[in-house]
Amino acid sequence: MTAPTVPLQATQTEVLRMIQENASLNASLWVNIALAGLSILLFVWMGRRVESTRARLIWVATLLVPLVSISSYAGLASGLTVGLLTMPAGHALAGQEVLSPWGRYLTWTLSTPMIILALGLLAGTDRSKLFTAITMDIGMCVTGLAAALITSSYLLRWVFYGISCAFFLAVLYVLLVEWPQDAAAAGTSEIFGTLKLLTVVLWLGYPILWALGSEGFALLGVATTSWGYSLLDIGAKYVFAFLLLRWVAANERVVETVTTGAGVGAATSADD
Ligand code: RET
């Protein structure tokens, strides 16, 4: 007989106590709440003079990244979106209750499409490629959430991990192969290249951390894993968004003349 499953709601107070008793884990969450708050204020200020429709769309998409992040980290720090999961046989911590910050994976479903949308608009891509990249990205996050939440079978956790990686490969293909060509035609190659590199390198860190962390092979503890995600988030969200918004604010004319569809109506870069 397997142990009865404890409803998530019943464990909320206990989970909050466990988070607060782990100073390092707690700090990894609150650091991001503070940084997301500062980023929101900074980005609102940076976008205050952005007027054209396309540049404003990029700006709002980018601003949504720290907005989702502050809500996400508040959910984690309050214990609302952290569960206590009993790991299945085969897992390094089989039979033990492990803190699972499932809210992270859930909110990535909202934040990462905003990053993809901003990058796609910057590259001047067409709707079908944008749709592909965004839906593949959502697929990656939802199946990643499933991999984290499954407690019935160790194998199935990794099956979902594999499915999530397959979705991720599609996202990487668009970022590394399709959009650089579109960005070259749109005259946004330089900034797109920088943001693409930052995104690809940091995003690769997430599945590696998941595999090494408490939900995968459990080589890292809960607090170390949480710090890993928090540090990756700082680069992939706030640094990324800052670089993008700074460029958009200074190159609004270029953004506005970008025509969707590779090779159609290529604009010249104001950076030249
Ligand atoms: C998981 C585990 C399953 C396999 C893969 C993953 C990839 C996650 C990524 C997350 C990026 C998150 C960002 C959040 C910003 O708000 C779900 C860890 C491939 C790439 C950038």
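Quick grid of which residues meet (1) at pLDDT 95 or above; (2) charged (D, E, K, R); (3) farther than 26 Å from R54 by Cβ:
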site	(1), (2), (3)
T135	yes, no, no
M140	yes, no, yes
A148	yes, no, yes
R157	yes, yes, yes
G162	yes, no, yes
C165	yes, no, yes
Y173	yes, no, no
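Quick grid of which residues meet (1) in contact (Cβ under 8 Å) with a residue 60 or more places away in the chain; (2) within 8 Å of the ligand (Cβ to nearest atom); (3) within 30 Å of T257 (Cβ to Cβ):
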position	(1), (2), (3)
L130	no, no, yes
A146	no, no, no
T151	yes, no, no
W158	no, no, no
L175	no, no, yes
L204	no, yes, no
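The set of residues from region 57-82 being part of a helix (DSSP H, G or I), over 17 Å from the mean Cα position of the chain (by Cα) and surrounded by fewer than 17 Cβ atoms within 10 Å (Cβ to Cβ) comprises just one member, L57. For the condition part of a helix (DSSP H, G or I), buried (at least 20 other Cβ atoms within 10 Å of the Cβ) and away from the ligand (no atom under 15 Å from the Cβ), A183 qualifies. Residue selection: L232 satisfies the criterion of being part of a helix (DSSP H, G or I) and within 15 Å of the ligand (Cβ to nearest atom). Only one of the listed residues (T194, T224) is away from the ligand (no atom under 13 Å from the Cβ), at pLDDT 95 or above and surrounded by fewer than 16 Cβ atoms within 10 Å (Cβ to Cβ). That residue is T194. Condition check: touching a residue at least 40 places away in the same chain (Cβ under 8 Å) and either crowded, with 21+ Cβ neighbours inside 10 Å or part of a helix (DSSP H, G or I) (or both). Does L42 satisfy that? Here the answer is yes, as L42 does meet what is asked.
The values are calculated or read from the model by the stated rules, or taken from the named source; none is laboratory data. Computed from a predicted structure; not experimentally measured. Using ideal geometry, Cβ is built from the backbone for each residue, glycine included, and neighbour counts are taken over all protein chains shown.
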